[in-house]
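Taking it in order: structure first as structure tokens, then the write-up.
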Amino acid sequence: MAPKFQDSILQRFFFNVLTLGVTFWILKKYLAVPRNGLSIEKTVLTFSLSMALGSVAYLLTQTVDVILLRAMMDAKEVGYYSAGIRIPKLIQGMLLTPLQIPFLYYFSHPDSKKITRQIIEFGTKIIAFATGIGSLLLFTFADKIVLIVFGAPFENSINVLRIFSAHFFLLGFFTFVGPFFLSIKKPLVPVFLGLLGFAVNLIFDLILIPYWGAAGAALAGIICILAEMFVYLALMEKKYSIRISPKSLCLLILFGLSILVGMKVSVFLSMPVFVAACLALKIVDIEDLKKMAALIKEKKAR
């Protein structure tokens, strides 16, 4: 390990230890255990355990690619992979993660059963359409993004970004997973989806990494989230009678065709083809946006 890299890791480690120590010192009066012991409600305990399991599942999913790349290939492939997935992950954290908070409020309302179903059915289509456009922008300008942000040494990250750009699109189908299952007190369902994703990711990493390196790890991540998505959609329909609109699933086909056009003809045609096809087939129109806004306003009025 290079001395500068080692110093950087040690500095980060000691900074985190110091931050943790200061945090515990500030909160020590709130963390004191009562003399008569702790009395934790079952629901609180279940929620805490599910969050802990969710953190473990998330950690496994986020690290398995890097660990296998380093074990089966070399450190350069780890760098190419990490650079290629960073931009989609950053956009996901900025745009999709904050969306879950207001919808958790909507779904937790005692009179929200009917509206929840409608919001999920229409909202999934609208959000997936938006994330599809964002993903195709990343796919189109992947070469320029990588060269501007990371430089020429990371040229091999371009294919990683082009493959992993689909991850942002597919996450559009998962926007309501956390809020919905938390609102019905089923926090373990997303955890099990995460563990399923880890298993699928691990299997395809072992298959694809030896042939394609960092690009293979990115493709394994896409297969992983596809598996999670189909299980989630089947569960929502069979268990909770919430059927995602067939038009939402048509977005998957149109997105795939747009990627194919980009690969075979020109990457600059991918997004226009996707948008034009969605509008021509009326997958998404202005009435959907108005209906979604009306549902949210109706919820606020209650």
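Each value in this text was obtained by applying a stated rule to the coordinates, not by laboratory testing. This structure is a prediction, so every number in the text was calculated from the model and none was measured. Every residue, glycine as well, gets a Cβ built from its backbone with ideal geometry; the counts of neighbours run over all protein chains shown.
Which FRET efficiency, nearest 0.05, do ASP74 and PHE15 yield, Cβ-Cβ r, R0 25 Å?
Working from the Cβ atoms, E equals 0.30.
Distance in nm between label sites at LEU260 and TYR58, each 7 Å beyond Cα in the beta-carbon direction?
In this crude label model, LEU260 to TYR58 measures out at 3.6 nm.
Given 0.36 nm per residue, what is the gain on full extension from ALA234 to SER108 after removing their alpha carbon distance, in nm?
That works out to 43.1 nm of additional length.
Counting only C-alpha contacts under 8 Å and six or more residues apart, can you give the relative contact order of the chain as a whole percent?
Across the chain, relative contact order equals 23 percent.
Expressed in nm², what is the orientationally averaged projection area of the convex hull enclosing the Cα positions of region 120-208?
About 7.3 nm², averaged over all directions.
Could you tell me which label, among (1) 1.13; (2) 0.96; (3) 1.06, carries the value of Cα Rg over 2.2 N^0.38 Å calculated for this structure?
Evaluating Cα Rg over 2.2 N^0.38 Å on these atoms matches (1).
Which entries of LYS186/LYS239; LYS186/LYS238; LYS89/LYS239; LYS89/LYS264; LYS89/LYS238 have Cα-Cα distances beyond 19 Å here?
Flagged as over cut-off: LYS89/LYS239; LYS89/LYS264; LYS89/LYS238.
Counting other beta carbons within 10 Å of each Cβ, put PHE255, PHE150 in order, fewest first.
Ranked by crowding around the Cβ, least crowded first: PHE150, PHE255.
For region 146-302, take the alpha-carbon Rg, divide it by the Kirkwood Rh, and send me Rg/Rh.
Using only Cα positions, Rg/Rh for region 146-302 is 1.02.
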